[in-house]
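Visitor: The structure follows.
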Amino acid sequence: DFLLASVAEPILDVHIEESVEVDKKSLTVFKGKIIDAISRKPLKAELEIIDNKTAKLFSKMNSNSATGKFLMSLPSGKNYGIAVKREGYLFHSENFDIPAKSDYNLVEKTIELKNIAIGSKIALRNVFFEVGKSNMNPLSNPELARLVKLLNDVPRLKIELSGHTDNTGSEELNLKLSSARAQVVVDHLIQEGISKDRLVAKGYGSTRPVDTNNTKDGRQNNRRTEFEIIAN
């Protein structure tokens with residue numbers, strides 16, 4: 001099924017330099033399908049894989065136009081930002097930070113693309129901050145460049161940038177930290193030429209979890225930056 005997807009839609013596959021020896025078992029395989037969040041119908045969309053450290057394009061492919069399915073392999077030793085894009089929809093963000101000596105890993109996911117409409121909300125999974133601080137990591141630049149492009153392409157949009165934490169520490173500190181992080185993102189967008197009248201910064205601390213706070217992965221999912229369309 002996935003083989004048919006790759007045959008039907010030619011893709012630029014991952015390239016490995018001949019001079020570098022790679023343990024083929026040290027791969028993360030990411031597969032799934034892309035659908036419309038409302039109709040649940042499959043979508044053909046572009047998947048752009050960025051090496052966050054260098055901000056350079058690592059690979060690009062399309063999901064199958066009939067099934068919406070995709071399959072990609074990600075060699076270990078890089079921090080990958082993956083953007084799923086289709087005209088008329090908000091981009092979807094995924095992050096894979098794969099240590100150099102990782103074992104083989106298979107990740108399956110259904111990705112729902114959302115319409116550009118009031119209330120649509122996206123987690124910016126490739127915006128990073130120092131632990132416990134509001135200092136933004138330069139690895140965030142490719143993700144924020146995608147957001148700047150969206151705001152330039154659709155100049156009527158007004159968005160709320162929101163910061164979220166897990167439940168570690170006091171709620172007072174979490175609210176303060178999440179607010180500061182949201183403001184840092186807003187300030188960055190203003191520096192990139194986006195009008196401050198189109199941007200609102202808001203911190204929610206740990207009050208809006210999207211996952212459990214009882215596991216490491218759950219807490220990581222809850223620590224996030226989101227944007228929501230509040231006017232269109």
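Visitor: May I ask you to say which residue of G193, G218 is touching a helix residue (DSSP H, G or I) at 6+ places or on another chain (Cβ under 9 Å), farther than 21 Å from S120 by Cβ and among the small types (G, A, S)?
Guide: Matching residue, one of G193, G218: G193.
Visitor: May I pose another question? From the list E172, E143, pick out the single residue that is of a type in the set (D, E, K, R), in the same structural domain as D211 (by TED's automatic domain parsing), within 30 Å of I38 (Cβ to Cβ) and part of a helix (DSSP H, G or I).
Guide: E143
Visitor: So for the range 57-79 (the condition being outside the structural domain of P142 (by TED's automatic domain parsing), assigned to a strand (DSSP E or B), modelled with pLDDT under 95 and within 13 Å of E143 (Cβ to Cβ)), does at least one residue qualify?
Guide: yes
Visitor: So which residues in the range 60-81 are at positive phi and touching a Leu at 6+ places or on another chain (Cβ under 9 Å)?
Guide: G68
Visitor: Quick check on the range 182-204: of everything there that is assigned to a loop (DSSP other than H, G, I, E, B) and within 20 Å of the chain's Cα centre (by Cα), which residue is surrounded by the most Cβ atoms within 10 Å (Cβ to Cβ)?
Guide: Y204
Visitor: Return a yes/no flag: does the range 36-48 have any residue that is closer than 20 Å to S140 by Cβ and modelled with pLDDT of 95 or more.
Guide: Yes: the range 36-48 contains one or more residues that are closer than 20 Å to S140 by Cβ and modelled with pLDDT of 95 or more.
Residues checked against (1) surrounded by 13 or more Cβ atoms within 10 Å (Cβ to Cβ); (2) of a type in the set (V, I, T); (3) under 16 Å from L144 (Cβ atoms); (4) out of contact with any His (no Cβ under 8 Å at 6 or more places or on another chain):
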site: S59; (1), (2), (3), (4): yes, no, no, no
site: N64; (1), (2), (3), (4): yes, no, no, yes
site: S73; (1), (2), (3), (4): yes, no, no, yes
site: N79; (1), (2), (3), (4): yes, no, yes, yes
site: I111; (1), (2), (3), (4): yes, yes, no, no
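Visitor: What do you reckon, is K149 part of a helix (DSSP H, G or I), of a type outside the set (S, T, Y) and at pLDDT 95 or above? Spell out the reasoning first.
Guide: Values: part of a helix (DSSP H, G or I): yes; of a type outside the set (S, T, Y): yes; at pLDDT 95 or above: yes.
The answer is yes for K149.
Visitor: Does the range 136-143 contain at least one residue that is charged (D, E, K, R), out of contact with any helix residue (DSSP H, G or I) (no Cβ under 7 Å at 6 or more places or on another chain) and in contact (Cβ under 8 Å) with a residue 60 or more places away in the chain?
Guide: Within the range 136-143, one or more residues are charged (D, E, K, R), out of contact with any helix residue (DSSP H, G or I) (no Cβ under 7 Å at 6 or more places or on another chain) and in contact (Cβ under 8 Å) with a residue 60 or more places away in the chain.
Visitor: Okay, next question. Step by step: first the residues of the range 152-174, then only those that are among the aliphatic types (A, V, I, L, M) and crowded, with 17+ Cβ neighbours inside 10 Å, then the one that is nearest to the chain's Cα centre (by Cα). Which residue is that?
Guide: Looking at residues that are among the aliphatic types (A, V, I, L, M) and crowded, with 17+ Cβ neighbours inside 10 Å, I get L161.
The values are calculated or read from the model by the stated rules, or taken from the named source; none is laboratory data. Owing to the predicted nature of the structure, the values given are computational and were not obtained by experimental measurement. Heads up, the Cβs are rebuilt from the backbone with ideal geometry, glycines too, and the neighbour counts pull from every protein chain shown.
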